[in-house]
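Trainee: Handing you a structure now.
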Amino acid sequence: MSKENDTIQVFIPIAFKRKNGRPKILAPDVDPHFQARVQSPHILRALGRAWSWRRKLETGEAATIQDIAKAEKVSTQFVGPIMRLAYLSPDVLERLLLWREAPSATLLQMVEATYLPWAEQMGRVYDGKRSTARDLER
C-alpha cells in the first residue's frame, strides 16, 4: 500500500499576533500596509448603529433618542454619543469605511471629534494625518 518514504511534510512559516484580544494568524511576507487596513469590528459596528439610528429619526420610525434606546434595550447615555458618529466628516468616513484605515483615535475620541468642524476632524481621528482619501490614491 504506502511505503514509509512516501510521506511528505510541509512546513508553513506563520506568526501569531493578538488583535483586539483575539489570536490572528499572519502569513509570511504579508505587506504591513495591508495588515493595517483591517478595521476594528467595534468601530464598524458603532458606525453602523449610528447611521441606522440616524435614519430612524429622519424617517420618523423613532421620535426621540429615548425611543431608540428603549427599542435597542440600551441606555440613552449610550445612544447619544454613538449616534454622533453619523455626523463625522465625509473624508473621515471615507477613510474609515472605504479605505478601511484604522484610526489612531479610540471610539470615545472619535465621538469627541464630532464636536469639531469637519476640517479639523481628520487631524483628530488620524493623529495629525491631514491627508484625504483622494490624496492616498496619488
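Trainee: Which one is farthest from the chain's Cα centre (by Cα) among residues in region 73-97 that are under 18 Å from Gln39 (Cβ atoms) and part of a loop (DSSP other than H, G, I, E, B)? Write out each step before concluding.
Mentor: In the first step, residues of region 73-97 are kept if they are under 18 Å from Gln39 (Cβ atoms); the result is 82, 85-86, 88-97.
Filter once more, so that each one left must be part of a loop (DSSP other than H, G, I, E, B): 88-89.
Values: Leu88: 13, Ser89: 15 Å.
Only one residue fits best here, namely Ser89.
Trainee: Could I ask something else about it? Output the number of the condition that Leu47 fails; it satisfies all remaining conditions of (1) modelled with pLDDT of 80 or more; (2) more than 18 Å from Trp99 (Cβ to Cβ); (3) surrounded by 10 or more Cβ atoms within 10 Å (Cβ to Cβ).
Mentor: (2)
Trainee: Quick one: would you say Leu85 is surrounded by 15 or more Cβ atoms within 10 Å (Cβ to Cβ) and at pLDDT 95 or above?
Mentor: Spelling it out, Leu85 is indeed surrounded by 15 or more Cβ atoms within 10 Å (Cβ to Cβ) and at pLDDT 95 or above.
Trainee: Next question. So for region 25-42 (the condition being surrounded by 12 or more Cβ atoms within 10 Å (Cβ to Cβ) and either part of a strand (DSSP E or B) or modelled with pLDDT of 95 or more (or both)), does at least one residue qualify?
Mentor: Taking every residue of region 25-42 in turn, at least one turns out to be surrounded by 12 or more Cβ atoms within 10 Å (Cβ to Cβ) and either part of a strand (DSSP E or B) or modelled with pLDDT of 95 or more (or both).
Trainee: Can you tell me which residue in region 98-131 is modelled with the highest pLDDT, limited to those that are buried (at least 16 other Cβ atoms within 10 Å of the Cβ), over 12 Å from the mean Cα position of the chain (by Cα) and outside any helix (DSSP H, G or I)?
Mentor: Thr114
The values are calculated or read from the model by the stated rules, or taken from the named source; none is laboratory data. What you see is a predicted model; the values in this text were computed from it and never measured. Neighbour counts run over all protein chains shown; Cβ positions are idealised from the backbone, glycine included.
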